[in-house]
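Q: Okay, handing you the structure first.
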Amino acid sequence: MSTRADGSGRLRRTVTYPVVWSLPVMALLVLVAMPFNDQFYEFWVNYDAQGDAQQYERIYTSRIFRHTSGVLSGQLLALLAGAALARRHRQPVALAIGASLAVLLAVETFAIAYPLARAQEGVFLTTAPLDDPVLVRVLLCELAAYPLYAAVGVGLGTLLFGRLPRGPGRMLLRLLLLLSLLVTWSVITMIGLSQDDRFNGPDWVLWVIPPLAAGTAVALAGLSLDVWRETAVLVGDWGYGASLALLVGTSAYAVGLNLIAWLLGRRRRRSDSAGC
């Protein structure tokens, strides 16, 4: 009985290890996001594109969204994986594993999305995807945020998990926190994706709310032209500012949360040593 229980426990620990479950989940997220991103322009922006300018915007925006399929949910996945690693390892180890895992997730995202998106492109765009500076920039910035989000997750996990109340309600509280995070993240991301031409809000909000910046960067990478005038006019920055805000804001959260977690942990260890 004891041997069977130990084997079952080892299997459960293996299956629930972040490296094991996050990679297949990432693949699934890219595949699920691809049809949504493919129809994003027609459904959310303009279902009846007319004229050369609007047709070009539809084709180009669809390219941006196809090639970034899964990146926004992948950032959340990297954060959750980092938080899960913080439960199993000391903070420095969790950071190292989390950053490495996040890089793998970023590579996997690109490796799955790129050929699928490439296969759906017609002959209307003469520039290859990797020769498009706007697409390359937004894609690199979104993927570079993965390890930063993993570090944010480690900081959050280190701060929260040791402070959740023990007992039968602990699992319920974790589920409620996860559900709240998923709903909030989804709403913020959709607000970012709904931006057209330029960000309709104060710029500092993008620096404070990285998921909003991530969604805005993707949207404006394809929708920085005002195509409703007689001649299309560039009114946005192709998402450059939002991409910068994403990386800087996420870096600030990663450093701040992990520094706070480390300082609190050191104080707790000193208190325990003094108590002994």
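The values are calculated or read from the model by the stated rules, or taken from the named source; none is laboratory data. For clarity, every value in this text was computed on a predicted model and none was experimentally measured. Every residue, glycine among them, receives a Cβ derived from its backbone with ideal geometry; neighbour counts consider all protein chains shown. Note: accessible area is taken over every heavy atom of the protein model, side chains too, but ligands, DNA and RNA are not part of it. Shrake-Rupley method; radii C 1.70, N 1.55, O 1.52, S 1.80 Å.
Q: Go through the residues of the stretch 151-174 one by one and say whether even a single one is closer than 24 Å to A221 by Cα, open to solvent by 10 Å² or more (accessible area, probe 1.4 Å), in a helix (DSSP H, G or I) and touching a helix residue (DSSP H, G or I) at 6+ places or on another chain (Cβ under 8 Å).
A: Checking the stretch 151-174: not a single residue is closer than 24 Å to A221 by Cα, open to solvent by 10 Å² or more (accessible area, probe 1.4 Å), in a helix (DSSP H, G or I) and touching a helix residue (DSSP H, G or I) at 6+ places or on another chain (Cβ under 8 Å).
Q: If I ask for residues that are within 14 Å of Y240 (Cβ to Cβ), hydrophobic (A, V, I, L, M, F, W, C) and not in a helix (DSSP H, G or I), which ones from the stretch 195-224 would you list?
A: Within the stretch 195-224, F199, L223 meet the criteria.
Q: Yes or no: the stretch 109-126 includes at least one residue that is among the hydroxyl-bearing types (S, T, Y), touching a residue at least 60 places away in the same chain (Cβ under 8 Å) and farther than 15 Å from W262 by Cβ.
A: The answer is yes, given that some residue of the stretch 109-126 is among the hydroxyl-bearing types (S, T, Y), touching a residue at least 60 places away in the same chain (Cβ under 8 Å) and farther than 15 Å from W262 by Cβ.
Q: Looking at (1) over 30 Å from G157 (Cα atoms); (2) part of a helix (DSSP H, G or I); (3) open to solvent by 10 Å² or more (accessible area, probe 1.4 Å), which is the one condition that is false for D48?
A: So D48 meets the others, but not (2).
Q: Return the pairs, sorted by first residue and then second, in which the second residue is at pLDDT 90 or above and aromatic (F, W, Y), the first residue lies in the stretch 48-77 and is under 30 Å from S100 (Cβ atoms), the beta carbons are less than 6 Å apart, and the residues are 6+ apart or on different chains.
A: These pairs meet every condition: F65/F40; Q75/Y149; L76/W185.
Q: In addition: Could you tell me whether any residue of the stretch 159-168 is at pLDDT 95 or above and in contact with a Leu (Cβ under 8 Å, 6 or more places away or on another chain)?
A: For the stretch 159-168, residues at pLDDT 95 or above and in contact with a Leu (Cβ under 8 Å, 6 or more places away or on another chain): absent.
Q: Just one of (1) surrounded by 14 or more Cβ atoms within 10 Å (Cβ to Cβ); (2) without any contact (Cβ under 8 Å) to a residue 40 or more places away in the chain trips up R269, so point out which.
A: (1)
Q: Being buried (at least 19 other Cβ atoms within 10 Å of the Cβ) and either small (G, A, S) or not in a loop (DSSP other than H, G, I, E, B) (or both) is the filter; apply it to the stretch 227-246 and report the residue that is modelled with the lowest pLDDT.
A: So the residue we want is G236.
To keep it simple, each residue is scored yes or no on (1) farther than 21 Å from S224 by Cβ; (2) in a helix (DSSP H, G or I); (3) open to solvent by less than 20 Å² (accessible area, probe 1.4 Å); (4) at pLDDT below 90.
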{"residue": "A5", "(1), (2), (3), (4)": "yes, yes, no, yes"}
{"residue": "V20", "(1), (2), (3), (4)": "yes, yes, no, no"}
{"residue": "L29", "(1), (2), (3), (4)": "yes, yes, no, no"}
{"residue": "V32", "(1), (2), (3), (4)": "yes, yes, no, no"}
{"residue": "D52", "(1), (2), (3), (4)": "no, yes, no, yes"}
{"residue": "G74", "(1), (2), (3), (4)": "yes, yes, yes, no"}
{"residue": "L77", "(1), (2), (3), (4)": "yes, yes, yes, no"}
{"residue": "A84", "(1), (2), (3), (4)": "yes, yes, no, no"}
{"residue": "L101", "(1), (2), (3), (4)": "yes, yes, yes, no"}
